[in-house]
Amino acid sequence: MKLTLKNLLCQVLVIATMMLPFQSGQAAMIGTDQANTVASAQADRVALTSLLNRAETISQFQSMGLDATLASARVAAMSDTEVQSLVGKINALPAGADSGLALLILVVFFIWFFAFRR
Amino acid sequence: MTSRAAPAAVRNRTKSPYQMLKMHKGARLFTGAFILAITLGGCASLVPQTMALRDAWPAGVPPRIELADVPFFPQTEFQCGPAALATTLAHAGLSLTPEQLVEQVYLPARQGSLQADMLAAPRRYGVVSYPIAGRIDDLLREVAAGNPVLVLQDNGVALFSNWHYAVVAGFDYPAGELLLRSGETRRHAVPFTVFEYTWKKSAYWAMVTLPPDRIPATATESAYLSAVVAMARVGDAKAVATAYTTLLKRWPDNITASIALANTHYERGELPDAEALLRKAAARHPDSALVLNNLAQTLSDQGRNTEALKLVEHALRADSPFAAAVRETRETILSRLASGK
């Protein structure tokens, strides 16, 4: 438990430092992300939630067989909404794999269905 | 015949075999009609969109089309995610193989690929991934516009899920078939009904991947903007600028895209380009504190502080959530003016 928390904290800090140069270099220009959010207090909260969600998703990915670099690169390419859709649900969400055995049953199941194809 | 010959006493006590047969037949007929009604009614609700297509074929979509130039990568075990994604990305102009995508989308513990990863991976190549609305009309319109559509299907039955990614590369409505690049089959013809049944279980999930200079046929302004903003997180600067330019060509009023494009110019030190874009945006949105602030900053950086001050004061008058940032800009400009440049 303690270790997980530490892990999470580490992830948050790593991501936070990664974001740092962008923010300080752009003090005067209002950024694109900000332009998309309504109030700045809300924007702060959204940013924090996003940070935590991302860190959690990265560690979940790691526990599912990805190494740290791959996991963070994947999460970096996701939007906040997409990350949010993953948090805590990676095991339950559909993961497209292959059309194997069940397809055979399906074919039988659908023979009558072929009668009207459209 | 036997029933008529039966004694009256017997007939009164119990029902004759003939009567029983008649009743049984009625019950059978009733049950049969009931099952048929349920099945037919059930069918319509099983594949509601296919049923709706019978009455209303989407306008402007040809009855049959096949995108023969969509490549095919036969999948290896569990790798339909990378294979399907390589198919649409190769069609978008990238040269890559499914193997290169494995580490970007495949999740070993799940022996499959998640939708979020399928959407995320193309962005790393500067390609915009756009989740289309879950309507067969939209799917057909994308294919008709030449965009292969990546779909998530559940080929399982009842409780046994069997998630699978495939690419719709054409359809033949008179024959009642959709043409898929799927698994190990290059041209997998699937009846509309079967396709919808398997597609419905993913809540009709589908996406297209397009180069930044093309907008999906069914794109809406806000959804496409989100898709481009998401791509801008990891895509290379040139692709991002192209995508915003493409968006602004179609929807010139989009304030976020104007600011974002101006910001990409600003970051690269192309101040006059940033200024031109922001001026155009300011003409359309004269009271946007956001636009005025960024324009003021851009002007001040070019040494035009007096002009910048006027704009930033205007921005301060507008009630906006960016008041703190605007005040900061004003202070910068004032101190630059005081120090005489």
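The values are calculated or read from the model by the stated rules, or taken from the named source; none is laboratory data. Keep in mind that what you see is a predicted model, and the values were worked out from it rather than measured. Glycine gets a Cβ as well: all are built from the backbone with ideal geometry, and neighbour counts include every protein chain shown.
Here are the numbers for this structure:
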{"item": "Wholly within the range B:158-258, helices (runs of 4 or more DSSP H) carrying at least 2 residues that are farther than 22 Å from B:SER113 by Cα, out of contact with any strand residue (DSSP E or B) (no Cβ under 8 Å at 6 or more places or on another chain) and of a type in the set (Val, Ile, Thr)", "result": "B:192-200, B:237-250"}
{"item": "Members of the range B:137-157 that are assigned to a strand (DSSP E or B) and buried (at least 21 other Cβ atoms within 10 Å of the Cβ)", "result": "B:VAL149, B:LEU150, B:VAL151, B:LEU152, B:GLN153, B:ASP154"}
{"item": "Subset of the range B:162-177 [out of contact with any Lys or Arg (no Cβ under 7 Å at 6 or more places or on another chain), more than 10 Å from every other protein chain (Cβ to nearest Cβ) and not β-branched (Val, Ile, Thr)]", "result": "B:GLY170"}
{"item": "Condition broken by B:TRP251, with the remaining ones in (1) of a type in the set (A, V, I, L, M, F, W, C); (2) surrounded by 24 or more Cβ atoms within 10 Å (Cβ to Cβ); (3) modelled with pLDDT of 95 or more satisfied", "result": "(2)"}
{"item": "Any hit, the range B:316-332, residues being surrounded by 15 or more Cβ atoms within 10 Å (Cβ to Cβ), within 25 Å of B:THR246 (Cβ to Cβ) and of a type outside the set (Val, Ile, Thr)", "result": "no"}
{"item": "Residue among B:VAL190, B:VAL208 that alone is within 13 Å of chain A (Cβ to nearest Cβ), under 24 Å from B:GLY134 (Cβ atoms), of a type outside the set (Gly, Ala, Ser) and out of contact with any Ser or Thr (no Cβ under 6 Å at 6 or more places or on another chain)", "result": "B:VAL190"}
{"item": "All positions within the range A:70-79 that are surrounded by fewer than 19 Cβ atoms within 10 Å (Cβ to Cβ) and in contact with a helix residue (DSSP H, G or I) (Cβ under 6 Å, 6 or more places away or on another chain)", "result": "A:LEU70"}
{"item": "Selection within the range B:158-178 - buried (at least 23 other Cβ atoms within 10 Å of the Cβ), over 17 Å from the mean Cα position of the chain (by Cα) and either small (Gly, Ala, Ser) or modelled with pLDDT of 95 or more (or both)", "result": "B:PHE171, B:LEU178"}
{"item": "Entirely in the range B:52-134, the helices (runs of 4 or more DSSP H) that have 3 or more residues that are more than 22 Å from B:GLU184 (Cβ to Cβ), touching a helix residue (DSSP H, G or I) at 6+ places or on another chain (Cβ under 7 Å) and facing another protein chain (nearest Cβ under 9 Å)", "result": "B:115-120"}
{"item": "In the range A:61-75, residue farthest from the other protein chains (Cβ to nearest Cβ) [restricted to those that are closer than 21 Å to B:GLN100 by Cβ and free of Cβ contacts under 8 Å to residues at least 12 places away in the same chain]", "result": "A:ALA68"}
